[in-house]
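Trainee: Quick one: structure below, then a few questions.
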Amino acid sequence: MTLQNTSDQWGWLSKVFHWITAVLIFIQIPLGYYADDLKLSPLKIDMFVWHKSIGMLILMLVILRLLWRIKTTIPSAIAGTVLEKSLAAAAHYALYCLMLALPLSGWVISSAANFPVKLFWLIPLPAISGPDESVKLLATEVHEVCVVTLILILIVHIGAAFRHHVLLHDNALKRMWF
Ligand code: HEM
Ligand code: HEM
């Protein structure tokens with residue numbers, strides 16, 4: 001397995017980025033709903049420190065991943081109709097946008113709510129907005145819409161990966177696996 005992607009295989013760095021981010025997203029979504037549902041308590045505050053820290057880690061990984069994506073080759077699209085290829089590309093593009101929009105809107109919620117964040121209880125996160133109730137409400141709306149959109153696209157994304165593997169027997173899933 002090479003570091004760089006080739007025209008028909010993902011390299012190990014792209015795979016590591018994909019699967020670490022996937023695991024973090026699978027933790028982050030239920031954690032967000034769980035923390036949001038808790039009554040105000042030390043547990044809720046701790047769960048939000050985890051949520052915000054993991055979210056910012058996802059943001060950093062996505063930025064590095066996109067920089068790497070610009071630098072390296074992108075494997076050619078899996079065989080399929082023009083429509084299938086366009087939908088897959090649109091879904092991947094949307095996933096990248098959501099992985100940027102979610103942490104950024106979350107960061108705005110915390111800043112506008114005047115709730116400073118310490119990443120993993122260690123590194124203080126600077127505010128990216130002054131305290132402002134209407135900005136907080138707007139960012140909360142954006143965060144919620146992005147979460148639901150992410151879940152819907154992921155259902156299609158994961159369904160498509162398994163359709164290729166189980167029904168079409170091509171290498172779509174294998175070339176993203178180790
Ligand atoms: C069980 C879970 C998942 C499976 C089986 C899966 C499978 C795959 C596969 C097979 C590809 C490669 C497609 C190709 O070669 O054309 C891929 C690409 C991609 N996946 Fe996933 N994925 C999963 C979870 C996720 C999650 C949680 C995210 C992020 C929210 C994600 C984001 C992406 C993105 C952005 C690409 C495009 C890569 C690029 O073009 O740079 N995936 N996924
Ligand atoms: C990919 C990253 C992220 C995902 C998938 C995610 C997901 C979620 C989910 C599922 C919820 C509960 C439902 C909702 O209220 O929308 C939530 C709420 C929340 N998240 Fe995130 N989040 C991410 C990143 C962040 C970051 C980086 C921060 C802050 C720095 C953050 C701050 C918040 C806050 C403050 C709430 C409560 C919003 C409210 O009052 O309803 N999130 N998030």
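Any read-out appearing in this document is the output of simple, stated calculations on the displayed coordinates, not a laboratory observation. Computed from a predicted structure; not experimentally measured. Backbone-built Cβ (ideal geometry, glycine too); neighbour counts: all protein chains shown.
Trainee: Would you work out which of P116, Y34, L61 lies farthest towards the positive end of the dipole of segment 27-133? Charges go on Cβ: Lys and Arg +1, Asp and Glu -1.
Mentor: L61
Trainee: So if we plug the beta-carbon distance of T140 and L168 into 1/(1 + (r/R0)^6) with R0 = 41 Å, what FRET efficiency do we get, rounded to 0.05? Could you put the intermediate results ahead of the total?
Mentor: Details: r = 41 Å, r/R0 = 0.99.
According to the calculation, E is roughly 0.50.
Trainee: Given a 10 angstrom Cα cut-off, can you work out which residue in D132, D37, D46 is the most mobile in a GNM of the chain?
Mentor: Ranking D132, D37, D46 by mean-square fluctuation puts D37 first.
Trainee: Number of Lys pairs in the chain with C-alpha atoms less than 16 angstrom apart, excluding same-chain neighbours closer than eight positions?
Mentor: Qualifying lysine pairs in the chain: 6.
Trainee: On full extension of the chain, what length is gained from D132 through A22, given 0.36 nm per residue of separation minus the C-alpha to C-alpha distance? Please list the in-between numbers first.
Mentor: Working: separation 110, 0.36 × 110 = 39.60 nm, distance 3.27 nm.
Contour length minus Cα-Cα distance gives 36.3 nm.
Trainee: Still on this model: Among L24, I70, G130, whose Cα sits farthest toward the positive end of the charge dipole of the chain (+1 at Cβ of Lys/Arg, -1 at Cβ of Asp/Glu, about the Cα centre)?
Mentor: Ranked along the dipole, the leading option is I70.
Trainee: Determine ³J(HN,Hα), in whole Hz, for all residues of segment 6-12 in sequence, where each value follows from phi through the Karplus function 6.51 cos²θ - 1.76 cosθ + 1.60 and θ = phi - 60°; x replaces Gly and Pro.
Mentor: So the J values, rounded to whole Hz, are 10, 5, 10, 9, 7, x, 5.
Trainee: Continuing with this model, one more query. Could you give me the percent of Cα pairs per 10 Å distance bin for segment 12-176, shortest bin first, beginning at zero and ending with the bin that holds the maximum distance?
Mentor: Whole-percent P(r) values from 0 Å outward: 9, 34, 32, 16, 7, 0.
Trainee: So how tilted is helix 82-112 from the main axis of the chain? Cα-based, degrees 0 to 90, rounded to 10.
Mentor: Roughly 20 degrees between the two axes.
Trainee: Which cross-chain or sequence-distant (5 or more) residues have an amide H under 5 Å from the amide H of V117, H modelled 1.01 Å from N in plane?
Mentor: Close amide H contacts, sequence-distant or interchain: L125.
Trainee: In addition: With θ taken as phi - 60° and the coefficients 6.51, -1.76 and 1.60, list the Karplus ³J(HN,Hα) couplings across segment 137-146 in order, rounded to whole Hz; mark glycine and proline as x.
Mentor: 5, 5, 5, 5, 4, 4, 4, 5, 5, 5
Trainee: While we're on this one: Summing -39500 (n - 2.57) over the DSSP H runs of n ≥ 4 in the chain and dividing by its residue number, what mean residue ellipticity at 222 nm do you reach, to the nearest 500 deg cm²/dmol?
Mentor: Numbers: 4 runs with 117 residues, N = 178.
It lands at -23500 deg cm²/dmol.
Trainee: Which whole-number percent is the relative contact order of segment 12-176 (Cα, under 8 Å, 6+ apart)?
Mentor: 20
Trainee: Based on alpha-carbon centroids, what's the gap between segment 51-99 and segment 103-139 in Å, whole number please?
Mentor: Measuring centre to centre over Cα atoms gives 25 Å.
Trainee: Now for a separate question. In debye to the nearest 20, how big a dipole does segment 12-176 give about its Cα centre with +1 on each Lys and Arg Cβ and -1 on each Asp and Glu Cβ?
Mentor: On the way: 13 positive and 9 negative charges, 136 e Å.
Roughly 660 debye for segment 12-176.
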